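Everything on this sheet refers to the single structure shown next.
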Amino acid sequence: MEHLLKMKSKTILFRDPVVERVCDKFVKRSDVGYAKYGRTLHDERTGKHKDLAGYLNDVQEELMDAILYIQAAKEELSDNLVNETITEANKASFRPPHPSHADNLDYGTPV
């Protein structure tokens, strides 16, 4: 309950809904961090829970994760493009026989 007393309220006018959605995500991310660690980044910094090297290490790890997410997303995109290309090629290559060639079709052995 004490953390609710420390919270501030602010009214922001957004001209760009993309910016608004990003700000909303920052607030939600802060809430998740607080629920997980029981303190804000400000509390962590001013309480000396982490030093500069710790913050730099966190940034490095987050950026490394971001690179992995980018690679996975690129591979997913590539897989999707390959699958779409194969599907389109299969659609384009199927040509039903012209009725004038129906007599020449091999239907295989009757079952």
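The values are calculated or read from the model by the stated rules, or taken from the named source; none is laboratory data. All values derive from a computational prediction rather than experimental measurement. Cβ sites come from the backbone with ideal geometry, for glycine too, and all protein chains shown count toward neighbours.
Below is a table of values for the structure above.
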{"item": "Number of the condition not met by LYS91 [criteria: (1) of a type in the set (Lys, Arg); (2) surrounded by 10 or more Cβ atoms within 10 Å (Cβ to Cβ); (3) part of a helix (DSSP H, G or I)]", "result": "(2)"}
{"item": "Filtered residues of segment 1-30 (kept if assigned to a helix (DSSP H, G or I) and at pLDDT below 95)", "result": "GLU2, HIS3, LEU4, LEU5, LYS6"}
{"item": "Residue in segment 46-63 that is within 17 Å of MET7 (Cα to Cα), assigned to a helix (DSSP H, G or I) and of a type outside the set (A, V, I, L, M) present", "result": "yes"}
{"item": "Selection within segment 7-41 - farther than 17 Å from TYR55 by Cβ and aromatic (Phe, Trp, Tyr)", "result": "PHE14, PHE26, TYR34"}
{"item": "Filter pass, TYR69 being out of contact with any His (no Cβ under 6 Å at 6 or more places or on another chain), without any contact (Cβ under 8 Å) to a residue 12 or more places away in the chain and either surrounded by 11 or more Cβ atoms within 10 Å (Cβ to Cβ) or among the hydroxyl-bearing types (Ser, Thr, Tyr) (or both)", "result": "yes"}
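Rundown of residues vs (1) at pLDDT 90 or above; (2) outside any helix (DSSP H, G or I); (3) over 30 Å from ASP43 (Cα atoms), yes/no style:
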{"position": "ASP65", "(1), (2), (3)": "yes, no, no"}
{"position": "ASP79", "(1), (2), (3)": "yes, no, yes"}
{"position": "ILE86", "(1), (2), (3)": "yes, no, yes"}
{"position": "PRO110", "(1), (2), (3)": "no, yes, yes"}
